[in-house]
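Input: a single structure, listed below in structure tokens.
The values are calculated or read from the model by the stated rules, or taken from the named source; none is laboratory data. All values reported here derive from a predicted model rather than from experimental measurement. No Cβ is skipped: glycine too gets one built from the backbone with ideal geometry, and neighbour counts run over all protein chains shown. Note: accessible area is taken over every heavy atom of the protein model, side chains too, but ligands, DNA and RNA are not part of it. Shrake-Rupley method; radii C 1.70, N 1.55, O 1.52, S 1.80 Å.
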Amino acid sequence: MMNNDNQISKETKLFGYIGEHAGVSRFSAISNKLYKADGFDAMMIPMNIREDDLYFTVANMKKSHVNGAVISSEYVSDVLEIVDDATSLAKRSGMCDIIFREGESLSGDVFSIRVLTELLKDMHIRRVALIGINHYAKAFSFLACGFEVSYFNENLEELMAFTKDVDLAQADINRIADGMNIDFSAYDAVLDFSDLEDFSMIEKLAEFNFDMKNTKQFSALKQRCNELGKKYISYDDMLDNLAQAVYKRIK
């Protein structure tokens, strides 16, 4: 689906969805369905881009007819180094997952974590266990007003440095590692932003468990949720919310 006439005209606003497996994702199809239903003359184009071609692709958007792009999770930290400018949230978190072309300049921002926080609020989730210290963890921490967050990481020194970096004076910090017995049942949700590949140390999970992995990426959290019979929610499970948020930004 493209615009209302299923055609691209000179007036059609073009946007890209950039990822290693962008064509497999339903993001573009969901977005284009939204645009058509609303009579909005725009098109989201899936762009399968290898890591070696990412810089060239994004940098050349400055002189293209593409008005912006959504960035899949595997490239969000790399793209920040390519854009000309970025919001404070993007700079401080070290990621950007949406970019806009303004003339021959590219600006970056973070939108997916905003969508996640709104989803958590809609689900009346208050107590959160956050695992990891990557860019997603930083972005969430900056937007975590209203949540009671406990932080977990393998290395406590790195976790303490992380909490200082995101201006958390009295954070609840905890270690998670092989051989431990971790119980997350007291939390409303678990957010996994780590690179841990095994969660066998988790004996009990929260009712809802999230990460930002797409279906092409291995998720240790998904595996543990299946083993313990708990609800797992991935990036792809939030595509409707994500597409709606992008549409509001570009309309």
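Report the FRET efficiency, 1/(1 + (r/R0)^6), for Gln223 and Lys10, where r is their Cβ-Cβ distance and R0 is 51 Å, rounded to 0.05.
0.60
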Among Asp192, Asp178, Asp78, which one shows the highest mean-square fluctuation when the chain is modelled as a Gaussian network with alpha-carbon springs under 10 Å?
Asp178
Given Cα pairs under 8 Å that are at least 6 residues apart, what percent is the relative contact order of the chain?
15
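How big is the charge dipole of the stretch 13-109 about its Cα centre, in debye rounded to the nearest 20, if each Lys and Arg gets +1 on its Cβ and each Asp and Glu gets -1 on its Cβ?
With only Lys, Arg, Asp and Glu charged at Cβ, the dipole is about 360 debye.
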Tell me, what is a quarter of the convex hull surface for the C-alpha atoms of the stretch 13-109, in nm² with one decimal?
5.9
Treat every Asp and Glu Cβ in the chain as -1 and every Lys and Arg Cβ as +1, leave all other atoms uncharged, and give the resulting dipole magnitude about the Cα centre to the nearest 20 debye.
860
Just grab the label-to-label distance for Asp38 and Glu102, each label 7 Å out from Cα along the Cβ direction, in nm (one decimal).
2.1
Given only helices, namely DSSP H runs of n ≥ 4 each adding -39500 (n - 2.57), what is the per-residue ellipticity at 222 nm of the chain, to the nearest 500 deg cm²/dmol?
-8500 deg cm²/dmol
Of the chymotrypsin sites (Phe, Trp or Tyr not before Pro) in the stretch 215-251, those whose Cβ has at most 15 other Cβ within 10 Å and which sit in DSSP loop
Phe218
Scan around Glu154 for amide H atoms under 5 Å from its own, H built in the peptide plane at 1.01 Å from N, and keep only partners 5 or more places away or cross-chain.
Ile176
Where trypsin sites (Lys or Arg not before Pro) fall in DSSP loop in the stretch 41-78, at most 16 other Cβ within 10 Å:
Arg50
Placing one equal point scatterer on each C-alpha of the stretch 122-251 and summing with Debye, one gets log10 I(q)/I(0) at q = 0.18, 0.22 Å⁻¹ equal to -1.03, -1.46
Carbon and sulfur together cover what percent of the accessible area of the chain at a 1.4 Å probe radius?
45
For Asp84 and Glu158, what is the calculated FRET efficiency with R₀ set at 25 Å and r taken between the beta-carbons, to the nearest 0.05?
0.20
If eta is 1.567 mPa s and T is 4 °C, what Stokes-Einstein diffusion coefficient results for the chain, Kirkwood Rh from Cα pairs, in µm²/s?
68
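Per residue, how many Å² of accessible area does the stretch 39-187 show with a 1.4 Å probe?
In whole numbers, the stretch 39-187 has 48 Å² accessible per residue.
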Rank Ile133, Ile45, Ile30 by mean-square fluctuation in a GNM of the chain with C-alpha springs under 10 angstrom and give only the top-ranked residue.
Ile30
If one builds a Gaussian network model of the chain from Cα atoms under 10 Å apart, the most fluctuating residue listed among Lys13, Lys121, Lys222 is Lys121
